[in-house]
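Bear in mind that the values in this text are calculations on the coordinates, not laboratory data. Only a predicted model underlies this, so the values are computations on that prediction, with no experimental measurement involved. Heads up, the Cβs are rebuilt from the backbone with ideal geometry, glycines too, and the neighbour counts pull from every protein chain shown.
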């Protein structure tokens, strides 16, 4: 018969194994960010960074098909309000573009003009611009839906290698804490079983075996209990930790995407570089042509098509910089965070878990193996204290 503190020690070590192996598992989910070792298999990369492309693809598809309606989002932009936000930077951009283009294409004529005449040409162009900006915005709202398409959204997720891991980490913080707590309490329970079995058999091999079970099996169980059961089950209404937090996850997911993924600069880039880029540039070119045609001093110039083309190119080039001045207005007007939050709450359980599960579903078996080995080692080391 062993002293009581020996049994207590076994329970304590069981608890430690459960807790430590979960902490190690959480670290292995996110670290290292890049592969360390000898490719392709002799080494390790965090599970989430390794699955980042899959997470980006699944989330982009979900956003494009279930969470966002591009026409509704862009319809919230008021052309007049946007033009008012852009008034000062727009006037500055027009001033610079007109002077640069005319100086480049008609340098002698431009330099011969009195300063007052130069200013008059610029001011005439500026006077026409706000009306035409409203016209362009109205036309583009119907053309830029691809900026919120699956391909553009996937590119937005992928533009920063650390973005997907950061989003997953933010969404799953409580689940990672749940894994640690689950490991501690399951380790405590299995530690009691271990102490009883060891007391009855008196064989030391029980300790590494029990450690392996506590470290490995509970790792696999903790990962599964994040998502299952998908709906409240049984008398105690048991439900996966992530499923249970849907309301709070929806809010945080909406905030993260609106602030880090579907940002105004990202949307502008998607509009100018995406499948609809040619249509967008055609709309801008029509507006530029109209502005130029309304300026009698410019229409009398030679090489007029070249002037129009140069102004169009300059306007497109300056667009990202100019639109930043209306970033706050556009973010508030599109209201992406609230839109995404409301629609995440309406997803079915399988669709909802796609926000996180692709990051944790694949390549997790090494976590179980490491947990098993680490638990067995700690269990074997326990024999030194008996």
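Here the label points at residue 127 and residue 76, each 7 Å from Cα along the C-beta direction, are separated by 3.7 nm in the simple model.
By the gyration tensor of its Cα atoms, with a ≥ b ≥ c the square roots of the eigenvalues, what is the shape of the stretch 142-299: rounded for a/c under 1.5, prolate for a/b over b/c, or oblate? It is prolate, given that a/c is not under 1.5 and a/b is the larger ratio. Per-residue packing, averaged as other Cβ atoms within 10 Å, sorts the ranges 157-163, 33-39 into the order 157-163, 33-39, beginning with the highest. Highest mean packing comes first when the peptides 356-362, 227-233 are listed by Cβ atoms within 10 Å, giving 356-362, 227-233.
With a/c under 1.5 counting as rounded, go ahead and sort the stretch 31-174 into rounded, prolate or oblate using the C-alpha gyration tensor (a ≥ b ≥ c being the square roots of the eigenvalues; past the cut-off, prolate if a/b is larger than b/c, else oblate).
Verdict is prolate for the stretch 31-174.
Peptide packing for 239-251, 107-119 was compared via the average number of neighbouring C-beta atoms within 10 Å per residue; ordered from the highest value, the list is 239-251, 107-119.
Between residue 185 and residue 281, what is the FRET efficiency for a Förster distance of 45 Å, r being their Cβ-Cβ separation, to the nearest 0.05?
0.15
The stretch between residue 289 and residue 205, if pulled fully straight at 0.36 nm per residue, gains 21.7 nm over its current Cα-Cα span. Note on residue 170 and residue 342: the model spin-label points, each 7 Å out from Cα along the C-beta direction, lie 2.1 nm apart. Shape verdict for the stretch 307-349, please, from the Cα gyration tensor: rounded (a/c under 1.5), prolate (a/b greater than b/c) or oblate. Since a/c reaches 1.5 and a/b is larger than b/c, the shape of the stretch 307-349 is classed as prolate. With a Förster radius of 22 Å applied to the C-beta separation of residue 361 and residue 35, the computed FRET efficiency comes to 0.70. For the chain, adding -39500 (n - 2.57) for each run of n ≥ 4 DSSP H residues and dividing by the number of residues yields -23500 deg cm²/dmol at 222 nm. For the stretch 252-386, the C-alpha radius of gyration divided by 2.2 N^0.38 Å, with N the number of residues, is 1.95.
For mean projected area of the Cα convex hull in nm², the value computed from the atomic coordinates appears in the list [x] 21.5; [y] 31.9; [z] 25.7 under label [z]. Put a dot 7 Å past the Cα of residue 313, heading toward its Cβ, do the same for residue 220, and the two dots end up 6.3 nm apart.
What is the calculated FRET efficiency for residue 255 to residue 113, with r their C-beta to C-beta distance and R₀ = 56 Å, to the nearest 0.05?
0.60
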